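K.L.:
I have a structure I would like to understand better, so I am pasting it below and will then ask my questions one at a time.
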Amino acid sequence: MRALVHRYQGNVFGLCYRMLGRYHDAEDAAQETFVRALRNLAKVDLERDIEPWLLAIAGNCCRTRLMQRSRRPEYLPLVEDVGDASIEEEAGRDLTEEVRLGLGKLRDDHRQAFLLFHEQQLSYIEIADVLNVPMGTVKTWVHRARQTLIEHLQQRGVVEESRNAVRKL
Amino acid sequence: MQCENFERRLHRLLDERRAPEDDAELRRHAAACNRCDELLASQAALRRGLVSVESPEPPSSFVDDVMRRLVVGPSTVVTQTEAAVTTSDRLRVKRRTTPMSSVLAIAAVFLLAVASAAFLAFRVNRGGDALVQDQIAIADIASPSLPRDAALSPAPTMPIEKPQETAAEASRTPEERYAMILAAWRTRLPELGDTLGLTSSDAATMQGAFAVSQLTDRLRTPLAASLASTLNVLRSVILFSEQDSAKPQARLWRVEDAVST
């Protein structure tokens, strides 16, 4: 059991962090993922890769927390309350920060499908199995998420550097 | 290549996890189309950004935390993660502990009941054939105005009225006592029957039932005593309820009491 947790903790925690955006929430969701998985280990076909199943549980845990967040008022840091434009503009110049912001704006199911594909390197078939939706739906979600992120980066003006880099190739 | 085909090819390459900016055909079209050039640069930025967005590592105690949570639930999660434990998790722990406390509470109540029953049985045995009645005076019932530490004064011991066996009673045989009880029943039953609404056939049946002479000596004396007590209690209740005076006091009854009244 310990070996299983040790082996997959990075990917599960990473997905939870991407989905939830907060370290403690991600830690709690990842812990709950492994607890649920270990309690149901007897029902799993161990011949198959266990990672998609773990990520599916993690996705469910994260979606539950996101729904709970949407139902109750949330604490926001003072900086976000006052909307300091200069800080926001400065952060907008940072590509990494902009990608992170863009991910936060995606729909939950779109973000999960996108991260499972691009970060966890799962195939469309595996993602469809994980999310229990048709493969065509997964493709649509990933494409829409990608399109939204590209538009976000274009609006934020962080593409120029990449354009120059591509031209140099 | 048209812009529509450019987009389709771009997404296909991304689905295949290949870098579109390395595709010569796409680069050729992008060099001639500003919109597609920006699209190609944007997806390259996105891919770079995704790589640079590093996920933080889970804490070093993560495996131990999972194992602890698996065994004893989320309440023992280390301080760092305690704030993230959800309300549903806490309720789950509470539910898990409830059955044990319920069992302990039921066991305590059961033991208390058994101890009370044993104590009462001991008191009754000690009393023997005497009727022991503890009473608490009305004045001893604490009123709200009394201080909290006010103690109850001991209840006065009620003298137990024990009938003195007369010489004539002592000299009677059990058969004679039984015959006297039957005679008393025969005398009083018609009167009681009227009061209780018994018919004449009911009274006759009762008389016949008590006129069994095959009873052994061991049964006759207690039966006679119980009959006498029953008869007098019935009569007392009826008479006192009609007169609305003080209630009859509990006391032992002798055979003579039943016969003489």
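The values are calculated or read from the model by the stated rules, or taken from the named source; none is laboratory data. Since the model is a prediction, treat every value here as computed from it, not as a measurement. Here Cβ is always computed from backbone atoms with ideal geometry, including for glycine, and neighbour counts include all displayed protein chains. Remember, those area values only see protein heavy atoms, side chains included, never the ligands or the DNA or RNA. Shrake-Rupley method; radii C 1.70, N 1.55, O 1.52, S 1.80 Å.
K.L.:
Please average, across the residues of A:31-43, the number of beta carbons from any other chain that are within 10 Å of each residue's own beta carbon, and give a whole number.
P.N.:
4
K.L.:
Using the C-alpha gyration tensor of the range B:3-52, what are the square roots of 5 times its eigenvalues, in whole angstrom, with the largest one first?
P.N.:
Working from the Cα gyration tensor, I get semi-axes of 17, 12, 9 Å.
K.L.:
Other chains' Cβ within 10 Å of B:60-72 residues: what's the mean?
P.N.:
5
K.L.:
For peptide B:24-37, how many partner chain Cβ atoms fall within 10 Å of a residue's Cβ, on average? Before the final figure, lay out each step's value.
P.N.:
Numbers: counts 0, 0, 1, 3, 0, 0, 3, 2, 0, 0, 0, 0, 0, 4.
That works out to 1 on average.
K.L.:
Can you compute the radius of gyration and Dmax for the range A:1-75, using only the Cα atoms, both in Å?
P.N.:
Values for the range A:1-75 (Cα only, Rg and Dmax): 12.8, 44 Å.
K.L.:
Now for a separate question. Keeping all protein chains in place and using 1.4 angstrom, which order do B:H29, A:H24 fall into by accessible surface area, from largest down?
P.N.:
Greatest to least solvent exposure: A:H24, B:H29.
K.L.:
Let me ask something else. For the peptides B:172-184, A:28-40, what is the packing order when you average, over each peptide's residues, the other Cβ atoms within 10 Å and list the highest mean first? Intermediate values should be presented prior to the final figure.
P.N.:
Details: B:172-184: 16.8, A:28-40: 22.6.
My ranking of the peptides, most packed first, is A:28-40, B:172-184.
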